[in-house]
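The values are calculated or read from the model by the stated rules, or taken from the named source; none is laboratory data. The structure displayed is predicted, hence computed values, not measured ones. Glycine also receives a Cβ, built like all others from the backbone with ideal geometry; neighbour counts cover every protein chain displayed.
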Amino acid sequence: MKKINAIISSFAFLLLAVLMSACNKDGIETIVIEDGQPSLAQMLIGRWNPTGGEMANPNTGEVTEDINISDIPWLDFGENGIGSWGNGGSGTGGSAGESFDWNADEGSGPIIGGGSGYDGEGPSVTFGGERWYIFQLTERILIIYRFYGDYIIIYYYYRVGDYNEPEPEPTPEPDNRNVITEIRETTLQGAAAPSVVKIHSFAYDGEGRIQNYTIIDGDYTYEWTYSYEGVEEVYVSGSESYMGYIGVEGINSLYSLPSSGTNQVLVASPQYNSDGYMQSLNNNVLDYENGNLSTFNCRGSVYTYEYTEEKNNANIDLNCFISNCSMYEYDYSHFSLFAPFGFYGKSSENLISKEIWFESADFDYEYTYEKDEQGRISSITRRTVPRFSGNILSMTTYRITYAN
């Protein structure tokens, strides 16, 4: 018990868990407490083993210390407000558990899990004399944190054994009408220069999630494969490899997976606003108006966007392909592997008509669209328009192929 008390009183932890849960066609399955549904206390009952812990700055997200898993207690929340804990990390052994009293507070809202930040609000559980806020809770995952001075302690846990939740409501078959399988990108850079062709191909799993993404760029081919653990973990393997933890809005933390076998590296900690749009990606800031991205501040260079009446309603965010994703990629080479497929929150509701570059730039992008017989966007033309002369610098056409 002394060791546990020392841990709790000395460190602030950021908890990452092995994320596994049931999934549906809409993606993330948020746990909502309603009449007849499990309460927060009922969801907590059971044995939880740790997967990691960290101390972090709640304002910047900077991790100041990693916690050895052997120093994080396992937890067993029993019925009638009595629980036990002990040392021993994630193993099934460890020291014999010592008892504690516990109680849960559902907070002001019904949703458990996937918060946009560590704000000390929402559901919580009190045990061992300390109040821990619940960042995420599913049938498999528990992420809790508490404040310690200017830092936060966060623990990541996974459930031992099964959780018996109510049978989900049946969901209708997915609509494949707007499912894109290929985008052929052709760029013309003047009469004397040859055209450049790049082909993007997409394949999906049985639940409509991206499974394979291939780019053929001249003589070079790039391929990535996506796999999932429930709806709370995504893995990407290929020329770049990543692992992302997914919350309610989208990926909360993204790690690169070096091929050399060295430790994974945190590369992105997106933050989302209350409407589910990504508002920051590390040092990039995004602002939205009327459901559309209005400005993007990339390291001090501000891009502004204007929109058509056309809806951005395909299964892939077309704005990610036709706008200046290369600037996002400057810092985060992973961006185009995740943002077009809904991993970074909601997409803009409409398609872009103009992308106005930062003040010192000498050109902007303008866009026009064509539709097929079914009213879907079949072709997009992007023109690079100079600000100080009348000649178009380049023109890129995106021809879109749908599944049916």
*For residues that are closer than 27 Å to V63 by Cα and of a type in the set (D, E, K, R), scanning just the stretch 210-256, find the one that is modelled with the highest pLDDT.*
E233
*Scope the stretch 297-323; condition within 17 Å of R184 (Cα to Cα) and in a loop (DSSP other than H, G, I, E, B); matching residues*: A314, N315, I316, D317, S323
*Within the stretch 266-284, can you find the residues that are crowded, with 17+ Cβ neighbours inside 10 Å and over 15 Å from the mean Cα position of the chain (by Cα)?*
N284
*Out of all the residues in the stretch 266-320, which are on the phi > 0 side of the Ramachandran plot and not charged (D, E, K, R)?*
G276, N282, N290, G291, G300
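Residue-wise test of (1) touching a Lys or Arg at 6+ places or on another chain (Cβ under 9 Å); (2) under 28 Å from L293 (Cβ atoms); (3) among the β-branched types (V, I, T).
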| position | (1), (2), (3) |
| --- | --- |
| I199 | yes, yes, yes |
| A203 | no, yes, no |
| T225 | no, no, yes |
| G230 | yes, no, no |
| P258 | no, no, no |
| N263 | no, no, no |
*Just for the stretch 56-94: of the residues that are modelled with pLDDT of 85 or more and aliphatic (A, V, I, L, M), which one is surrounded by the fewest Cβ atoms within 10 Å (Cβ to Cβ)?*
I82
*Subset of the stretch 346-362 [farther than 10 Å from E306 by Cα and either touching an Asp or Glu at 6+ places or on another chain (Cβ under 9 Å) or buried (at least 17 other Cβ atoms within 10 Å of the Cβ) (or both)]*: K346, S347, S348, W357
*Considering every residue within the stretch 233-246, establish whether at least one is buried (at least 19 other Cβ atoms within 10 Å of the Cβ), outside the structural domain of T396 (by TED's automatic domain parsing), under 16 Å from S336 (Cα atoms) and not hydrophobic (A, V, I, L, M, F, W, C).*
yes
